[in-house]
Every structure is written in C-alpha cells, then in structure tokens.
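Colleague: Submitted below is the structure of interest, expressed as structure tokens.
The values are calculated or read from the model by the stated rules, or taken from the named source; none is laboratory data. Just so you know, these numbers come straight off a predicted model, no measurement behind them. As a convention, Cβ positions derive from the backbone with ideal geometry for all residues, glycine included, and neighbour counts pool all protein chains shown.
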C-alpha cells in the first residue's frame, strides 16, 4: 500500500488530506464521513494522508496515527455494507478476531472500531508491491512457489483461528521491502454479503457485465470475492470453508507459474463448465516439475473433498522440491546416456580415420579426436537444457560431465602444444577423468565412484600396455555410460 508522493501546502487547512507536518494545524474535533469524492481529513485519532486503494466494500487510506506516532493503512467500510445491527456486529466481531491473529504472513491489524457511524480497520502500512506485481519479476518457478508457500502459511494460521479469506489472489498479498508476503483483507472478505450468485440462480443468466473476472482487480477492499479464483461452491452460493481458500490459492499459483489461468473465464457459464474438466495442459517447455502441476490439479478439484484435507498438506507437497529427489529425471539421465553412446558410435568412424592406430597418431590427432566427440555432446547438452533442469541430480551430473569434457579438451590441447605422444596423453586422460569422477562423488552421488574406478583401471591397463590405451579409454567411457544408465534405472525403482 505505497502512497504516491503528494505535495501539501501547510497553509491550506482545508486540503483533503493531512500530512504529519500539517497535523498540528488540524482541528481534532473535525468529523469524518464517507465521501469518496472528497474525504475529510480525520478519522478519530487517525489523520488521512492519501487514498491508496478502493474496492467494492470501501476505501483504503494511508494515514498517520497521532497517538502512537506511526504511519498506518486505514480501511473504511462503506455505510451501505452494514445496513442492520446484526450485520454490523458480525463485521466487528470477525474484524476483531482478525486483530487477535498474529502471524508474520498476515498483515497486522492494530485496531478495529467505529467512528461517526463508520466501521474502520487500522492495519500495518506495507511499502511494497502486490504479489501479482512481484511475481512478474521473479527469477524462477522455485522463487514463486516459495513466496506462495509463505503466503499460504498465513492462510493456514487464519484457518486455525476459524477465519476464511474467501478472496485469496495475488492482488490480496503485499510483499514488503523485507521480502515477506502479507495476506491482506483476511477475515473481512467473508463480510461482503454473499457471492455473486445465490443458490438456485441460473449461471446462464450471468453476463460479463456483472462479473469480476479481471485478474488485476484492485486488491484494496476487494471483499466480495473474485469469481475467477472462487471455488465452485462459492460461486454457487454454498457454504465455503478452508477448501475454498485452497482452490483460490491453487488458481493464483497456477496463473503465476504458467502465465495463464487454469480455466476458461470468458463468463460465468464458461468458468463453471471449465472447472468441471481438468485445468489447462502444462506448456511443453515449462520448467515447472510435473509433481507441482499434479498438486495444483488436486487443489483445483471440483468437489471440496477431492482436494487436500488441509492447506497445510498442500504446502507440504509444494515444499518438497522434486528436482532435489534423486529419482526425478531418471528418464532424462537414461536418455542422455543412450544419446552419448549414440554420438560416440556416430563419431567413431571419424575418430578412427583421424587417429587410426594410436601408436602411429600424433598430438594433433589426439586433439582433433576429442573435439570431434566433445562438440556434438556439448551441443546436445545445450539443446536438452530444459529437460536437464527439471532434476537437480541430472543437472549436477551433466554439469560434472561438461566440466570433465572441458578438462579433457584443455588436457589434449596442452599435449598438442607440448607435442606429447597420444599414448602418454591417453594414460593421463584416464587419470584426469577418474579424478573428476572421484571429486564428483561429493556433489553428485557415491555411485559416481564406480566411474572413477573404471577410469583408474583403464589408466593401469594403458600404463602396462600403451598399445591398448585407446581401447582402454573407450571401454572406460562405455562403462561410465552403463553405470549412469543403471543408476537412473535404480533411482526409478525406488519410487515405484
């Protein structure tokens, strides 16, 4: 709720807003009435500075608390929102319950009260963007999921206090300068008098003109709910519980991750029909793991009982990073091993033509051979980077392989410049790759030590019989591919 810079003249005591500098000249007894065209300056001890938002239930102002000497945000509810004593009492009771809720991911409510027949809520003034604006600048899907998980913890805290948001969306979350998300309007959204439709209402009669389907609706004071994020039971006017907030949470996160809404929202009829089906398919090039998509699909189920039992359970699933699971991406690793083998088979005729008998080859031939095989492999890694990035283990393995390839090229280049015989270079090639594999056991997995052993054995064979150094290097590399493929199959077996 960041207020725009507004220049105020101290001499003008009848300016529509007050600043801390002009408060001394104000008359404390000034009354306040909801006049949205020209609000008066004071609301009890709160001096209004600027209007920073407006929604269907009222307006939000940046204000100055003269008693506690701090800047706050004041939500002033419209008079027509509470037309009878029962409704007014319920609104105050639930707003006061919100004030008792203390959680780092829920905006703090400082005070709830009435002044000049108007209900107001004083809360923390957050100088930061909405989550909707923040997520457009996020660097990765993991950052977005982590931010939503933190906001979700605020929802869970309110659920445990018996409060239901009923209008969760990215526009109803503020991200402060400290990077902490705060859910706003919690506990107040349910005070909007009811959803846009009531039981027995015919959805076909709804038109675009009476729907709030815009994902960028003003967050401040949006208490009646936004149908595009509402659970079906809320749209139909049925009782809404925590499962309704879970649906809205998944809809907002789906939109943040995939850049599109999970359902067709042209009008109310199309929205309800679309919810009966599965959400939109995941884009082919999306880096978001399939497990995340599966969790969101479950949270967007038509029936509340088909969703997660609690929002906490959903957050636990989202907190588990599938890319950190060794079993994730086994197909990619297996395909990479086969692709590398295929590349070696294709390039082998060229290698044999260039190098021929290793004892008759020279240092230049040794360098050419590694370039002929390495360049296609590096190109394949680049083309497959999206699939590789879906698994942390696959990423580490390919990263290690890339480092090893460049180390091998540098080693062969050094041998070429020093005019070292290929037989000698091949022996040290084994040692270079074996050492690289041994070091990789610390950040890839202990099974990579088997690859190191294969290269060290090849180094011994090459040292004892230089004529076999070329064949030994090829066999060691083949063993490394087989080990990687078997490790991928084993990791798959652990999850089935």
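Colleague: Condition first: in contact (Cβ under 8 Å) with a residue 40 or more places away in the chain and either farther than 25 Å from residue 334 by Cα or crowded, with 17+ Cβ neighbours inside 10 Å (or both). Now tell me which residues in the stretch 446-466 satisfy that.
Modeller: Hits for the stretch 446-466 are 448, 466.
Colleague: Moving on. State which residue is farthest from residue 140 (Cα to Cα) when the search covers only the stretch 410-420 and only residues that are in contact (Cβ under 8 Å) with a residue 24 or more places away in the chain and crowded, with 16+ Cβ neighbours inside 10 Å.
Modeller: Among residues in the stretch 410-420 that are in contact (Cβ under 8 Å) with a residue 24 or more places away in the chain and crowded, with 16+ Cβ neighbours inside 10 Å, the one farthest from residue 140 (Cα to Cα) is 420.
Colleague: May I pose another question? Grab the strands (runs of 3 or more DSSP E) fully contained in the stretch 106-189, keeping just those with 3 or more residues being under 17 Å from the mean Cα position of the chain (by Cα) and either crowded, with 19+ Cβ neighbours inside 10 Å or at pLDDT below 90 (or both).
Modeller: Correct list: 173-175, 181-183.
Colleague: Here's another thing I want to ask about it. Any residue that is out of contact with any helix residue (DSSP H, G or I) (no Cβ under 8 Å at 6 or more places or on another chain) and assigned by TED's automatic domain parsing to the domain that holds residue 259 - is there at least one of those in the stretch 178-187?
Modeller: Yes, the stretch 178-187 has at least one match.
Colleague: Return yes when residue 426 is at pLDDT below 85 and part of a helix (DSSP H, G or I) and no when it is not.
Modeller: yes
Colleague: Residues to consider are 428, 469, 477; find the one that is buried (at least 22 other Cβ atoms within 10 Å of the Cβ) and in contact (Cβ under 8 Å) with a residue 12 or more places away in the chain.
Modeller: 469
Colleague: On to the next question. Output yes when any residue across the stretch 388-399 is at pLDDT 85 or above and assigned to a helix (DSSP H, G or I), and no when none is.
Modeller: Looking for residues that are at pLDDT 85 or above and assigned to a helix (DSSP H, G or I), one finds at least one in the stretch 388-399, hence yes.
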